[in-house]
Amino acid sequence: RAMFALICTDKPGASQIRMDNRPAHLAHLEKHAADLAFAGPLLGEDGKPTGSLIVLSVADKAAAERFAETDPYAQAGLFQSVVISATKQVYPQG
(Lines give C-alpha, C1' and ligand atoms only; values in the text may rest on other atoms or scores of the structure.)
Protein backbone atom coordinates (compact mmCIF):
# COMPACT_ATOMS: atom_id res chain seq x y z
CA ARG A 1 0.00 0.00 0.00
CA ALA A 2 1.08 3.53 -0.71
CA MET A 3 0.30 6.75 1.11
CA PHE A 4 -1.14 9.85 -0.54
CA ALA A 5 -1.96 13.27 0.88
CA LEU A 6 -4.99 15.02 -0.57
CA ILE A 7 -4.82 18.78 -0.08
CA CYS A 8 -8.19 20.23 -1.01
CA THR A 9 -8.77 23.99 -1.11
CA ASP A 10 -12.33 25.32 -0.89
CA LYS A 11 -13.64 27.85 -3.37
CA PRO A 12 -13.98 31.29 -1.77
CA GLY A 13 -17.42 31.86 -0.28
CA ALA A 14 -18.38 28.18 -0.46
CA SER A 15 -18.98 27.57 3.26
CA GLN A 16 -22.67 26.77 2.65
CA ILE A 17 -21.70 24.04 0.14
CA ARG A 18 -19.43 22.56 2.83
CA MET A 19 -22.17 22.64 5.48
CA ASP A 20 -24.85 21.22 3.16
CA ASN A 21 -22.66 18.29 2.11
CA ARG A 22 -20.89 17.57 5.41
CA PRO A 23 -23.08 14.58 6.41
CA ALA A 24 -22.50 12.88 3.04
CA HIS A 25 -18.77 13.69 3.23
CA LEU A 26 -18.52 12.14 6.70
CA ALA A 27 -20.37 9.04 5.45
CA HIS A 28 -17.81 8.83 2.61
CA LEU A 29 -14.98 8.96 5.14
CA GLU A 30 -16.65 6.28 7.26
CA LYS A 31 -17.07 4.03 4.21
CA HIS A 32 -13.31 4.31 3.59
CA ALA A 33 -12.20 4.34 7.24
CA ALA A 34 -9.82 1.40 6.73
CA ASP A 35 -7.88 3.47 4.17
CA LEU A 36 -7.63 6.66 6.23
CA ALA A 37 -4.51 7.62 8.15
CA PHE A 38 -5.83 11.14 8.80
CA ALA A 39 -8.75 13.31 7.74
CA GLY A 40 -9.72 16.79 8.87
CA PRO A 41 -10.38 20.34 7.79
CA LEU A 42 -7.75 22.93 7.00
CA LEU A 43 -8.53 26.02 9.07
CA GLY A 44 -8.12 29.70 8.34
CA GLU A 45 -6.85 32.19 10.90
CA ASP A 46 -10.46 32.68 12.01
CA GLY A 47 -10.74 28.96 12.81
CA LYS A 48 -13.21 28.29 9.98
CA PRO A 49 -12.63 25.55 7.39
CA THR A 50 -10.83 26.57 4.22
CA GLY A 51 -10.26 23.09 2.82
CA SER A 52 -9.52 19.50 3.72
CA LEU A 53 -6.43 17.41 4.42
CA ILE A 54 -6.81 13.68 3.94
CA VAL A 55 -4.01 11.11 4.12
CA LEU A 56 -4.87 7.77 2.55
CA SER A 57 -3.16 4.39 2.57
CA VAL A 58 -4.31 2.77 -0.68
CA ALA A 59 -3.06 0.50 -3.46
CA ASP A 60 -1.97 3.25 -5.85
CA LYS A 61 -2.52 6.83 -7.03
CA ALA A 62 -5.52 5.75 -9.12
CA ALA A 63 -7.25 4.60 -5.91
CA ALA A 64 -6.51 7.98 -4.28
CA GLU A 65 -7.92 9.74 -7.35
CA ARG A 66 -11.10 7.62 -7.21
CA PHE A 67 -11.52 8.46 -3.52
CA ALA A 68 -11.12 12.17 -4.30
CA GLU A 69 -13.52 12.10 -7.26
CA THR A 70 -16.26 10.34 -5.30
CA ASP A 71 -16.03 12.62 -2.25
CA PRO A 72 -19.40 14.40 -1.94
CA TYR A 73 -17.57 17.67 -1.33
CA ALA A 74 -15.84 17.34 -4.71
CA GLN A 75 -19.04 16.28 -6.44
CA ALA A 76 -20.84 19.33 -5.01
CA GLY A 77 -18.18 21.66 -6.42
CA LEU A 78 -16.74 22.76 -3.08
CA PHE A 79 -13.09 22.57 -4.05
CA GLN A 80 -11.14 25.16 -6.00
CA SER A 81 -8.25 22.70 -6.24
CA VAL A 82 -7.27 19.20 -5.18
CA VAL A 83 -3.60 18.20 -5.05
CA ILE A 84 -2.78 14.51 -4.61
CA SER A 85 0.80 13.89 -3.56
CA ALA A 86 2.58 10.67 -2.68
CA THR A 87 3.93 10.72 0.87
CA LYS A 88 5.36 8.39 3.49
CA GLN A 89 5.15 8.27 7.24
CA VAL A 90 8.47 8.91 8.93
CA TYR A 91 7.28 9.82 12.41
CA PRO A 92 5.86 8.54 14.55
CA GLN A 93 7.36 5.29 13.43
CA GLY A 94 4.61 2.82 12.62
Here the range 85-90 yields Karplus 3J(HN,Hα) values (6.51, -1.76, 1.60; θ = phi - 60°; whole Hz; Gly and Pro given as x) of 10, 5, 8, 8, 7, 9
At 20 °C and 1.002 mPa s, the Stokes-Einstein diffusion coefficient in µm²/s for the chain, with hydrodynamic radius from the Kirkwood sum on alpha carbon pairs, is 158 µm²/s
Output for the chain: trypsin sites (Lys or Arg not before Pro) sitting in coil per DSSP, at most 15 other Cβ within 10 Å, listed by number, reads Arg1, Lys88
Residues whose built amide H sits under 5 Å from the amide H of Thr87, excluding neighbours closer than 5 in sequence, are Met3, Phe4, Ala5
Quick calc, the chain, dipole around Cα centre from Cβ unit charges on Lys, Arg (+) and Asp, Glu (-), nearest 20 debye, gives 140 debye
Computed over the chain, protein heavy atoms only, probe 1.4 angstrom, the accessible area per residue in square angstrom equals 64 Å²
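The values are calculated or read from the model by the stated rules, or taken from the named source; none is laboratory data. Predicted model, so just to flag it, every value in this text is computed and none were measured. Glycine gets a Cβ as well: all are built from the backbone with ideal geometry, and neighbour counts include every protein chain shown. When the accessible area is computed, the model is the full protein with side chains, heavy atoms only, and any ligands, DNA or RNA have been set aside. Shrake-Rupley method; radii C 1.70, N 1.55, O 1.52, S 1.80 Å.
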